[in-house]
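The values are calculated or read from the model by the stated rules, or taken from the named source; none is laboratory data. Small disclaimer: the values here were computed from a predicted structure and weren't measured. Reconstructed Cβ throughout: ideal geometry from the backbone, glycine too, with neighbour counts over all protein chains shown. In case anyone asks, the SASA skips ligands and DNA or RNA and just uses the protein heavy atoms, side chains included. Shrake-Rupley method; radii C 1.70, N 1.55, O 1.52, S 1.80 Å.
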Amino acid sequence: MGTIWMSPGARGGLLMLIISLMTVLMPSSAAAQTPEPFKAELVIRADQPQGTINHNIYGQFAEHLGRGIYEGLWVGENSPIPNTRGLRNDVVAALKNLSIPVLRWPGGCFADEYHWRDGLGPRDKRPQRLNTWWGGVLETNAFGTHEFMDLCEMIGADAYVAGNVGSGTQQELMEWIEYMTSDSNSTLANLRRQNGREKPWKVNYLAVGNEPWGCGGNMRPEYYADLFRRYSTFIKNYSGNNVQKFASGGPPSDYNWTEVLMSQAGKQMQGYSLHHYTLPTGNWGHKGSATEFGEEDWHKTLSATLRMDELISKHSAIMDKYDPQKKVGLIVDEWGTWYDSAPGKDMGALYQQNSLRDAVVAAINLNIFHQHSDRVQMTNIAQMINVLQAMILTDQEKMLLTPTYHVFEMYKVHQGATLIPTQLTAPEYRFGQASIPSLHASASRDKTGRLHLSIVNLDPNRAAQVTTRMAGATFKNITGRVLTAPAMNTINTFDKPDAVKPVPFTGFMTEGDQIMLTLPSKSVVVLEFQ
Ligand code: AHR
């Protein structure tokens, strides 16, 4: 067979033609491997509006732990990091953008060894204490009541103060409330004035201790119920302040603790707390990695976080027996992921990275809280900066927003809105023998009439095609945003801070009275109907 001579240019052209033909005729290997989307149906019951989603469900928690307060929030007035009265400007601006309704402080376990007078007056004169719960580090008390209240005012959040029951006295707690809230001429109110604050602050929420079953004093529920009654007797309302008193719940699934507290102190409390952390393995000795995980850990983590629904339902059922009118709020004042500390990082600092998986965990929990908004009146994710499932990570002067931050920002449209029920029909997402829902949704309607749908695709492999119908409402315009990433464990780093961030969502089209949504695998979508 003879050879046909071709110029180098012609040879190049032929090669390009062959490659183009192959691309058109043969599916690429990646396309061939992409699993078929699964199909689902969603009805948004705009015709059945329910109660209000309390804006406090979007609360945060900041404890004296690791680099949560010091460096994360407080750098001091003389720091080269730009700050206002010692609070770093970049972090404050990012927090303001979340519209945080309420901030819990100073702990956690730390609250039960915190003595508020330590945090007053000139900072160079404040006592240095050991933070025995969190690494035994030196607590300088540079961040005290005035600094906390200043932060709350800067970001527009209400103060939720956790009082010391474990190692304090009812007199100490009573006096702290007077110091903060009294407009009188009392010695304590005047001490506040001497320390630079003329007008009293409002303190709307007070925790009477923290985890009294464990770090708060290893108590039995009967003993704590009596202590709660005693402490709450001495917590007074001064100068028009109205403080709601919250009792601590027991370990997450200790239903007897709830029985005892509700039956013996239910009339004295306005809130009752629940803590539930999401551990991939469920084992405190080996919780699992924040970043090195595969699909099995992804599935287990989401399964563990979905347990929040069961915990709330069961505790609420007990609360309903003693408080059928739902006057006592369920306060989920610690929740979020808890992983093994990163290798080489200080174990006591509870610093962990935050991936797309954390975003999905946050979205699922917020949907659950919405669905229980008749009983859940406040939640506080643990914790705001540099600790556990944080919104923000810092490294000296650097700062990044985590995937969890973006979910809180996307979801803030639900704050104070009216819950709209959603009915989902979708296949289970299976891994091995275990199965969980593949989709998770909630919806609400705000005061201006806009309806927001939040929908999560838990399946890390398959997109979802969701045929959606709106019952009882019509809308002219739909817009949305989606948060996803190439991998389950994609994270934001100081070098690549925008690896996971929301982008406009275009995966929808209307067909008659139906909306066809195509949700990417492992994604969080928030849609707005106007
Ligand atoms: O958020 C970390 C710790 O977890 C808190 O200090 C404590 O209340 C809980 O056990």
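Key figures
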item	result
Identity of the residue in the range 373-386, β-branched (Val, Ile, Thr) and away from the ligand (no atom under 13 Å from the Cβ), that ends up nearest to ALA290 (Cα to Cα)	THR379
Residues satisfying the stated conditions in the range 472-519, i.e. surrounded by fewer than 19 Cβ atoms within 10 Å (Cβ to Cβ), over 24 Å from the mean Cα position of the chain (by Cα) and among the β-branched types (Val, Ile, Thr)	THR474, ILE478, THR479, THR506, THR510, THR518
Yes/no for ALA362 being within 16 Å of the ligand (Cβ to nearest atom), open to solvent by less than 30 Å² (accessible area, probe 1.4 Å) and in a loop (DSSP other than H, G, I, E, B)	no
Evaluation of CYS152 against (1) of a type outside the set (Val, Ile, Thr); (2) part of a loop (DSSP other than H, G, I, E, B); (3) open to solvent by less than 10 Å² (accessible area, probe 1.4 Å) (one fails), failing number	(2)
Within the range 403-455, considering residues that are under 18 Å from the mean Cα position of the chain (by Cα) and among the hydroxyl-bearing types (Ser, Thr, Tyr), the one nearest to LEU356 (Cα to Cα)	THR404
Some residue of the range 127-141 being among the charged types (D, E, K, R) and within 20 Å of VAL208 (Cα to Cα)	no
Residues of the range 206-224 satisfying the condition of being in contact (Cβ under 8 Å) with a residue 12 or more places away in the chain and either in contact with a Lys or Arg (Cβ under 7 Å, 6 or more places away or on another chain) or away from the ligand (no atom under 16 Å from the Cβ) (or both)	LEU206, VAL208, PRO221, GLU222
The range 330-349, residues that are on the phi < 0 side of the Ramachandran plot, crowded, with 23+ Cβ neighbours inside 10 Å and touching a strand residue (DSSP E or B) at 6+ places or on another chain (Cβ under 6 Å)	LEU330, ILE331, VAL332, ASP333, GLU334, TRP335, THR337
Restricting the range 268-296 to residues that are more than 16 Å from the ligand (Cβ to nearest atom), more than 22 Å from LYS345 (Cα to Cα) and not small (Gly, Ala, Ser), the residue that is least open to solvent (accessible area, probe 1.4 Å)	MET269
Any hit, the range 149-160, residues being within 16 Å of the ligand (Cβ to nearest atom) and either of a type in the set (Asp, Glu) or touching a helix residue (DSSP H, G or I) at 6+ places or on another chain (Cβ under 8 Å) (or both)	no
Positions within the range 387-406 being assigned to a strand (DSSP E or B) and either within 16 Å of the ligand (Cβ to nearest atom) or open to solvent by less than 50 Å² (accessible area, probe 1.4 Å) (or both), in sequence order	ILE392, LEU393, THR394, LEU400, LEU401
Test set (1) away from the ligand (no atom under 16 Å from the Cβ); (2) within 16 Å of the chain's Cα centre (by Cα) - GLU310 fails condition number	(2)
For SER99: the one exception among (1) open to solvent by 30 Å² or more (accessible area, probe 1.4 Å); (2) under 23 Å from ALA349 (Cα atoms)	(2)
Filter result (in a strand (DSSP E or B) and either without any contact (Cβ under 8 Å) to a residue 40 or more places away in the chain or of a type in the set (Phe, Trp, Tyr) (or both)) within the range 421-456	GLU428, TYR429, ARG430, PHE431, SER435
Unique match (being more than 26 Å from PRO35 (Cβ to Cβ), at pLDDT below 95 and of a type outside the set (Val, Ile, Thr)) among GLY512, GLY449, GLY416	GLY512
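This table checks each residue for (1) modelled with pLDDT under 95; (2) open to solvent by 80 Å² or more (accessible area, probe 1.4 Å).
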| site | (1), (2) |
| --- | --- |
| MET1 | yes, yes |
| LEU15 | yes, yes |
| VAL24 | yes, yes |
| ALA31 | yes, no |
| THR34 | yes, yes |
| ASP47 | no, no |
| GLY72 | no, no |
